[in-house]
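A quick write-up on the structure given underneath.
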């Protein structure tokens, strides 16, 4: 049953009609006191859809205090019931206060019926179902835990099986069992997911796994590196433009959101998005509508949003460099990937996989790593994480004497060979600027053991620009 709380009779009846047409059972309340009575007396309430301001109290300003108080009371009596807040676009800060107080999500008035129903279904599917309005500790122990930290983990029938979503990088990593369970739970929904972790931990692979296990698996998976998009080009890149809409618009351009229609859009490095661009992104995520530059026609987007960052977004919110309302919009589900140094038990499986992959790609005979080599690798800090481990394995294999079937610890410990600086010679032309740029980037990557954040900082360029140069030079 869904409880709708709003002091506007027309809104209550409209929501009741919409929900009942979609097979939901609905009960209505005009004000907070009536809502609390229903919450305390009706154990079948499984979701609350509530306004934040109630004019029946004749408050001088719509500060939402009545709504916040009601939300906190609901969380006392029924902490298991998700609450979706309804507020005007101009009161997004009020919705943010509600999210801090424990709300599941928020929508803005006037709402889109499709968006509303999607948010309701997401909330219902991701919320543990209680056996009673006040479940006992035993009952709570049987509930599903998204993070895998508490409660009984349900892996059947929600198991991912042996598909690509489970076998990230070709292996099933023991340290990520909780991540696999969470993917199984959230992938079939349209819930936005935020993937956090250091550079090289496999955030993009997790995003692809979520897409493959979702109902949108047959749709496109569009990857966008936000760190490589300037704020002036953000709207053109993300929403597209019409020919002639600005000086260099010599042809129509399809935006990334339109390319991802019916599928998933992966917004990588979202922490590098400027504040101006954050506002534009929030609007499309909130209303699921956008306008192409040079076209006044409003278009609807139908995408699943997965974001990733190696930045501490909570700290950025405190520093006012990342919008708190956008943070709550993209962070409905958070998956944190621990660095490789905190999951050394994965190293043997990863080394085996990378060696097998590299041998196959280079037509080499099968080579394995000795126990001593594995033990040595497990002592390294790996600031570049899985990406650094892969580079180290491939380098050791290329320098290995293929007459021996095993790589030794000494081969992994050997310093990498310095990249020669191209120079003029009687036999060849002088080094080009591209040659010098490639050499400088390669040397810097080597110096920082694959930590691209440090590389970008030393070179004085953004991570997005660094990615483009790495791709350009085939590094």
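One Cα centroid belongs to the stretch 226-259, the other to the stretch 1-75; the line between them spans 41 Å. Three principal axis extents describe the C-alpha atoms of the stretch 272-411; from largest down they are 67, 34, 22 Å.
Shape annotation for the stretch 433-473: C-alpha extents along the principal axes are 22, 19, 16 Å, from largest to smallest. All distinct Cα pairs of the stretch 253-351 go into the 1/r average, and the inverse of that average, the Kirkwood radius, is 15.6 Å. For the pair the stretch 444-462 / the stretch 183-212, the C-alpha centres are spaced 26 Å from each other.
Among 85, 3, the ranking by other beta carbons within 10 Å of each residue's beta carbon, starting with the fewest, stands as 3, 85. The Rg/Rh ratio of the stretch 180-337, with both radii computed over alpha carbons and Rh defined as the Kirkwood radius, is 0.97. For the stretch 2-126, the fraction of alpha-carbon pairs lying more than 27 Å apart is 7 percent, rounded to a whole number. Taking 0.36 nm per residue of sequence separation and removing the Cα-Cα distance, the residue 34/residue 321 pair yields an extension gain of 99.3 nm.
A short reminder: the numbers here are calculations on the coordinates, not readings from a lab. Small disclaimer: the values here were computed from a predicted structure and weren't measured. We place every Cβ from the backbone using ideal geometry, glycine too, and count neighbours over all the protein chains shown.
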